[in-house]
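First up is the structure itself, then whatever we jot down about it.
Just so you know, all these numbers are worked out from the coordinates, no wet-lab data involved. Keep in mind it's a predicted model, so treat the numbers as computed, not measured. In this analysis, Cβ positions are derived from the backbone assuming ideal geometry, glycine residues included, and neighbour counts consider all displayed protein chains.
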Amino acid sequence: MEIGSFVILGILAATLIYGVVIYNSLVSLKHGISKSWANIDVLLKQRHDELPKLVDTCKRYMRHEQETLEQVMQARAAVSAAGTRGDVGALGSAENQLRLGLGNLFALAEAYPELKANETFRHLQERITGLEESIAHRREFYNESVNLNNVRIEQFPDLILARMFGFTTGELLEFSAQQVSDVNVARLFG
């Protein structure tokens with residue numbers, strides 16, 4: 001074999017190895033998005049389980065606020081459905097409705113001193129507040145994972161392999177600043 005053949009084989013081997021490294025990196029990013037979505041899903045399910053307890057506790061005291069309680073439960077169902085489908089856009093919209101409903105519920109609770117003094121209500125309020133904060137942190141991690149993936153599959157030479165193997169961009173989970181600020185549970189009860 002000639003030296004030229006060895007050079008060509010070396011270039012082909014280096015190109016193949018570089019391609020494998022890029023492919024494996026893209027796979028890692030794709031699974032990072034899945035993992036971060038699963039982390040959000042766990043917290044959404046925990047909150048999903050806590051909300052009926054909160055509504056039941058509130059029903060005992062808030063007999064004239066059924067519309068607000070129903071709004072929370074409808075939004076809970078919409079969040080659950082969007083999460084199950086993995087529909088990030090619908091989840092963002094449903095989350096906004098749930099946040100508004102919880103904000104209204106906690107604001108109305110101010111008018112019910114017996115409810116505010118109820119230990120179960122306080123415990124559930126603290127639990128849901130903690131879950132809301134955790135969801136916000138996980139959302140940031142999810143969005144960072146999506147952003148890293150999206151940047152990589154649009155950069156050269158990664159985009160060649162991304163297109164060749166069908167890697168796609170992810171959708172960010174976003175809430176508007178006003179929608180996030182509408183339900184600041186800590187502020188309502190601070």
- line: In the chain, taking the dipole from +1 charges on Lys and Arg beta carbons and -1 charges on Asp and Glu beta carbons about the Cα centre, the listed residue (GLN66, GLN155, TYR142) farthest towards the positive end is GLN66
- request: Using only alpha carbon pairs under 8 Å that are at least six residues apart, calculate the relative contact order of the chain and give it in whole percent.
  value: 31
- prompt: How high is the FRET efficiency from ASP56 to GLU174, r the C-beta distance, R0 35 Å, rounded to 0.05?
  reply: 0.65
query: Using the 10 angstrom Cβ neighbour count as an exposure proxy, how do SER145, SER34, SER134, SER5 rank, fewest first?
result: SER5, SER34, SER134, SER145
query: If the chain between ALA81 and SER25 were fully stretched, how many nm would it gain, using 0.36 nm times the residue separation less the Cα-Cα distance?
result: 17.0 nm
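Can you sort SER25, SER93 by how many other beta carbons sit within 10 Å, fewest first?
Numbers: SER25 13, SER93 17.
Least crowded to most crowded, the residues run SER25, SER93.
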message: Per residue of the stretch 40-50, what does 6.51 cos²θ - 1.76 cosθ + 1.60 with θ = phi - 60° give for ³J(HN,Hα)? Whole Hz please, x for Gly and Pro, Karplus curve as stated.
response: 5, 4, 4, 5, 4, 5, 4, 5, 4, 6, 7
- prompt: In debye to the nearest 20, how big a dipole does the stretch 3-189 give about its Cα centre with +1 on each Lys and Arg Cβ and -1 on each Asp and Glu Cβ?
  reply: 340
message: Take GLU133 and LYS45, extend 7 Å from each Cα along the Cα→Cβ direction, and tell me the distance between the two endpoints in nm.
response: 2.4
task: Could you list ILE153, ILE11 in order of exposure, starting from the residue whose Cβ has the fewest other Cβ atoms within 10 Å?
output: ILE11, ILE153
